Amino acid sequence: MRVEKSSAAIWLLSLASSARAFQPPSPSIIRRHHHHHHGAEGPFGEVVSPSKAAFTVTPLFSALRAAPPTDDDAATIQILMSDTGGGHRASANALRDAFNVLHETDPMRFPLPIKCDIVDIYTDYGPFPFNMYVQAYKIMAEYTFLWKWFYETGATPFGLWLYDVVLELICFGPFKECMTRVDPNNVVSSPGGGGKRADMVVSVHPLCQDLPLKILTSLDTDGASRKVGRTTPFVTVVTDLGGAHPSWFNRGVDRCFVPSDVLKNAALDRNVDESKIVQYGLPIRRGFWRFGSEFDMSGSDGKEEKNERAKMNKPAMRERLGLSNLPTVLIVGGGDGMGGIVSQAKAVGERLQKLATSSSTSYQMVVVCGNNKAAQSSLSPPQMQWGADINVHVHGFVNNMDEFMRASDILVTKAGPGTIAEASICGLPCILSSFLPGQEEGNVPYVVDNGFGCYQGSPEGIADTVEEWFASTRAEGSMLERMQECALIAARPDATLDIAKDLAEMLYARREELKKAKKVSAAIAVAA
Ligand code: UDP
């Protein structure tokens, strides 16, 4: 152990000294916090003399940063988010996958690969307390009155203003560091902007608009302005569904993708220009795109075929998952397993057992507890013995939610935007068991108004609804079937790829502009 430690120390020392040998000869590979020719910016954008500007020279990293640029191999997008709830990262990953699929399946139209630098800017770059959002969110999601207060205060004009001011004061520097970083996963430099920055910035989080826009403007104008002169494209992709915090919407963005009419109106209310608002749907995981993982660019079938497919898949999916071919209820906790899943599962399980005894039909229940280990074990034997006439499967976190949804007839879930959008694509009627005040509140009318579900806050109410929906399946044109149709009508299985296509086109256009600018400046240099 001791030997290992000392050899590690020697290794580190030699690394440091060899890094010193690489000491950058020119200022271009010195990593500055601020631009030298304009001096640095103070907290409110005033220019501070260069002598006061902090210079950080980390030789090894500088040397690495000076690796030969590969500008023409790939375009880059930095995706800003924070892991408050699972949805933001899931959407960011979905977009990244979509770019890869577009490039692979249609290289004529999408010739340049697009690399995504996905970053939790608050956790990784925010000073305290901004780096505590993820933990705070988890606590507030349990004690919803806290969340309600935070959300509503933040949604008032004063709250919105105050947040932006405080954020700018404390986070301008750290966030700027983030937005000028080289993606640690793929060292690719951008040809524009004077630094190695992404060609485009996309926000998938409500608190990543105002300040990142100011920083981008400042970077594009070499620190001259935080208000005008931005040239790097900035886009918001809203990952809420039936309601959204006003901070999602900033009129300064180049484009704002919204998933629903309600959110389009919310964007208009916040003075986002109508020409900048694009409505496709929520970006979600590949398994939920049309044809799932057998995605085919040429496929453009109509609604009928889509419906057929969704129905056809059910028995096959059940077999694949080791389930019986029985009427099936799926109960899902959030990604973190919140939402009283134990009492819901018990109530539904008992009711299905009762129905099975009285009607001689069998039923099936699948419970997905997410990361809630306690819930999983209290719903599994030996702690739990389910009725003899029902088939119950209890899981922890599953990675194939699309398959579980396609195998089920009814979904019980909290009103998470991702889960609802996914259910709708699978033609799966929803019983919403809870919602976070604020952004999830609007997801209830979204489901109800689109005709594919209802809200039931109590375990007994949920069991009643399950019974009612299953009872109606025996009638011709049953309620459950109508709701399945409605879910499929509301579904947006092409949204992720549509958003990615638009973003790719914006990005390619930007690269062309930069290339032209480069040529012009080269020509000027030659002429001079
Ligand atoms: N999810 C999953 N496996 C699980 C539980 C949940 O993949 O075991 C996924 C679910 O499919 C959805 C996401 O977690 O995509 C939850 O997102 P949602 O927007 O519904 O809620 P959030 O967690 O963002 O509040």
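The values are calculated or read from the model by the stated rules, or taken from the named source; none is laboratory data. Nothing here was measured: the structure is a model prediction, and the numbers come from that model. Heads up, the Cβs are rebuilt from the backbone with ideal geometry, glycines too, and the neighbour counts pull from every protein chain shown. The area values use the complete protein model at the heavy-atom level, side chains included, leaving out ligands, DNA and RNA. Shrake-Rupley method; radii C 1.70, N 1.55, O 1.52, S 1.80 Å.
Annotations
- Distance between the 7 Å Cα→Cβ label points at D494 and E274: 2.3 nm.
- Here the Karplus relation 6.51 cos²θ - 1.76 cosθ + 1.60, evaluated at θ = phi - 60°, turns the backbone of region 393-405 into coupling constants of 10, 10, 10, x, 6, 10, 9, 10, 4, 4, 5, 4, 5 Hz, with x for every Gly and Pro.
- A 1.4 Å probe over all protein chains sorts D73, D402, D269 by accessible area into D269, D73, D402, starting with the largest.
- Residues M405, M132, M140 ordered from highest to lowest accessible area at a 1.4 Å probe: M132, M140, M405.
- C-alpha center-to-center spacing [region 107-162, region 342-403] in angstrom: 34 Å
- Proximity of backbone amide H atoms, modeled 1.01 Å from N, is registered between Y455 and L432 at under 5 Å, excluding neighbours fewer than 5 places apart on the same chain.
- Cβ-Cβ FRET estimate between Q385 and W149, R0 fixed at 51 Å, reported to 0.05: 0.75
- Residues of region 364-388 with amide N under 13 Å of a point placed 7 Å along Cα→Cβ from E350: 387
- For region 92-99, backbone phi angles converted through the Karplus equation (6.51, -1.76, 1.60; θ = phi - 60°) give residue-by-residue couplings of 4, 4, 4, 5, 4, 4, 5, 4 Hz, Gly and Pro being listed as x.
- Heavy-atom SASA rank of R482, R96 (probe 1.4 Å, accessible area, largest first): R482, R96
- Label zone of D502 (point 7 Å out along Cα→Cβ, amide N under 12 Å): in region 229-247 this covers 235-238.
- What the phi angles of region 206-213 give under the Karplus curve with 6.51, -1.76 and 1.60, with θ = phi - 60°, is a coupling list of x, 9, 10, 9, 3, 5, x, 5 Hz, glycine and proline written as x.
- For region 112-166, accessible area per residue (1.4 Å probe, heavy atoms of protein chains only), Å²: 58 Å²
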